[in-house]
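**Q** My questions all concern the structure below.
Where a number appears in this text, it was derived from the coordinates with a stated rule and is not lab data. Keep in mind that what you see is a predicted model, and the values were worked out from it rather than measured. With ideal geometry, Cβ positions are generated from the backbone for all residues, glycine too; neighbour counts draw on all protein chains shown.
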Amino acid sequence: MSRVIWIVLDSVGMGNAPDADKFGDAGANTIGHIMERYPDLCIPNLRRIGYGNIDGMEGMAPAKHPEGAFGRLAEASAGKDTTIGHWEMAGIHTAKPFPVYPDGFPQDVIDEFVRRTGVPGVLYNGVASGTVIIQQYGEEHIRTKKPIVYTSADSVFQIACEEDIYPPEKLYEICRIAREILTGEHNVARVIARPFIRQGDGFVRTPNRRDFSCKPKGDFLLKRIIDAGQTVYAVGKIEDIFAGVGISEAVHTKDNGDGMLKTMEALGKVEKGLIFTNLVEFDSSWGHRRDVENYARGLEAFDLQLGPLMDALGPEDTIVITADHGCDPTYSGTDHTRECVPFLLYGPQVRPGVNLGTGTSFGDSGETVRHILGITSPDKPLPIGRNRWPEISIAARG
């Protein structure tokens, strides 16, 4: 029985997006620039799959005999955020970008938010770094009980609250109301709960973040898997990204290490279908914070956990590793970067050493996963993406 373990290294792009200049990201290269700073980066499992063999990979020597299939994918949708990236992987093309608010949210939106939630007002309402804004407004938030509302270059409505003032469940309730308000022209991709606590003389965010995405519509991979009677087991924020649509079971995680542990545990729970994992720390803890050193250490820690997962595969299991956008920790600003992403496949059914070149959509990964899982009746392709399985499969190639 086929299973796919699909791991999204959130934000670990590899540069060379053909339209990066249109997004203000010319020259961004997340993994390439990390390799410049840390040329001895210890990621032997990624390397042996073929990470360094991908066309356009910079700073990483190729494996002489790669054990997996490898390539890179460019994004076709109009954006460079988590929701658009994951949706495109699953076969959803976003032609029109979600709205963004470089000057903060309109007053009528804020007024409706205050009225519907019953909070005594909001603090800030502008573009900010989440870790910085809680230092600036944390004390006032505790004194006034006004939530801190902020956004970024992405289509997000973020609400930060101290956990003793608004416990996580209360904050989630407030976020659900905000999600109901933000529709139509203000249909942001995500409302994000950002709980924090006092630590020493300042404040730190907790692992209790939750994302409240708009719901995907129409035909896409996860629904196809469910309709075929198979399982979609979501690890990390996957459930939030798809607003629960097309998810059989979900577990949330506190960090990347916990995400990999829960992915390993899922092997004992899922007999047929998809284990879909997002490892968000690359993005949230290190990419946006422009923390090159810990980004590098995080890649090494992931690779260390990847080895046992590779060893645990059954005869019909396949690992797929990709990313949803870039977030180059050496680049200016603190935002995501428009980049190509890796497309790595490994498992007993994967023909080693296959170079997949450059695909023109993240949807190639989803359409390939569909065929690995045998969801071909009726054999109707997903709305976006090209099936690469015939090039990769040992059975298909003979």
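**Q** Mind scanning Lys215/Lys380; Lys254/Lys380; Lys96/Lys237; Lys170/Lys254 and naming the pairs with a C-alpha gap bigger than 26 Å? Working shown, then result.
**A** Values: Lys215/Lys380 23 Å; Lys254/Lys380 37 Å; Lys96/Lys237 23 Å; Lys170/Lys254 19 Å.
Lys254/Lys380, as the Cα separations exceed 26 Å there.
**Q** Gap in Å between the Cα centre of segment 221-294 and the Cα centre of segment 120-142?
**A** Between the Cα centres of segment 120-142 and segment 221-294 lies a distance of 29 Å.
**Q** Hey, another quick one. For segment 187-243, rounded, prolate or oblate, judged on the Cα gyration tensor with a ≥ b ≥ c (square roots of eigenvalues), a/c < 1.5 rounded, else prolate if a/b > b/c? Can you show the working numbers first?
**A** Working: a/c = 7.13, a/b = 2.36, b/c = 3.02.
Judged from the Cα gyration tensor, segment 187-243 comes out oblate (a/c at least 1.5, b/c at or above a/b).
**Q** What order, most packed first, do the peptides 365-375, 386-396 have when packing is the mean number of other Cβ atoms within 10 Å of each residue? List each step's numbers first, then the result.
**A** Values: 365-375: 24.1, 386-396: 16.7.
Packing proxy ranking, top to bottom: 365-375, 386-396.
**Q** With unit charges on the beta carbons (Lys and Arg positive, Asp and Glu negative) and the dipole taken about the Cα centre of the chain, which residue among Ser2, Leu267, His336 sits farthest to the positive side?
**A** Among Ser2, Leu267, His336, the one farthest towards the positive end of the dipole of the chain is Ser2.
**Q** Tell me what the chain gives for mean residue ellipticity at 222 nm when only DSSP H runs of n ≥ 4 count, each as -39,500 (n - 2.57), the sum divided by the residue total, rounded to 500 deg cm²/dmol. Each step should come with its number before you reach the end.
**A** On the way: 13 runs with 122 residues, N = 398.
It lands at -9000 deg cm²/dmol.
**Q** Here's something else I'd like to know. Among Asp335, Asp255, Asp25, which one moves the most in a GNM of the chain with springs linking Cα atoms closer than 10 Å?
**A** Evaluated over the chain, the most mobile residue of the options is Asp255.
**Q** Let me know the charge dipole size of the chain about its Cα centre in debye, to the nearest 20, where only the beta-carbon of Lys, Arg (+1) and Asp, Glu (-1) is charged. Display every interim value, and only then the final one.
**A** On the way: 42 positive and 54 negative charges, 137 e Å.
For this selection, approximately 660 debye.
**Q** Ok, one more. At Ala395 and Asp219, where each label point lies 7 Å from the Cα along Cα→Cβ, what is the point-to-point distance in nanometres?
**A** The answer from the label model is 2.3 nm.
**Q** With 10 angstrom as the radius, rank Cys214, Cys327, Cys175 by how many other C-beta atoms surround their C-beta, starting from the fewest. All intermediate terms of the calculation are to be shown ahead of the outcome.
**A** Details: Cys214 18, Cys327 28, Cys175 24.
Fewest-to-most Cβ neighbours within 10 Å comes out as Cys214, Cys175, Cys327.
**Q** Take the Cβ-Cβ distance between Asp103 and Thr330 as r, set R0 to 22 Å, and report the resulting FRET efficiency rounded to the nearest 0.05.
**A** 0.20
**Q** With a cut-off of 13 Å, note down the residues of segment 200-226 whose backbone N falls inside the zone around a label point 7 Å from the Cα of Arg176 toward its beta carbon.
**A** Counting backbone N atoms under 13 Å from the label point, the list is 212.
**Q** Could you pull out the trypsin sites (Lys or Arg not before Pro) across segment 56-132 that fall in loop regions by DSSP (anything but H, G, I, E, B) with no more than 14 other Cβ atoms inside 10 Å?
**A** Details: sites: Lys64, Arg72, Lys80, Arg115, Arg116; in loops: Lys64, Lys80.
Passing both the DSSP loop test and the Cβ count: Lys64.
**Q** In addition: What nm value, rounded to one decimal, do you get for the distance between Asp111 and Gln135 when each label is placed 7 Å out toward the C-beta?
**A** Label at Asp111, label at Gln135, 3.6 nm between them.
**Q** Could I ask something else about it? Can you give me the Cα centroid spacing of segment 19-43 and segment 74-114 in angstrom?
**A** Segment 19-43 and segment 74-114 have Cα centres spaced 24 Å from each other.
**Q** Still on this structure, I have one more. What is segment 242-342's relative contact order, in percent, from Cα pairs under 8 angstrom and six or more apart in sequence? Present the calculation step by step, with values, prior to reporting the outcome.
**A** Details: 79 pairs, mean separation 25.2, N = 101.
Relative contact order, segment 242-342: 25 percent.
**Q** Now, a different point. Using 0.36 nm per residue of separation minus the Cα-Cα distance, give me the extension gain between Arg351 and Ala228 in nm, one decimal. Show your work: numbers first, answer last.
**A** On the way: separation 123, 0.36 × 123 = 44.28 nm, distance 2.61 nm.
Between Arg351 and Ala228, full extension yields 41.7 nm more.
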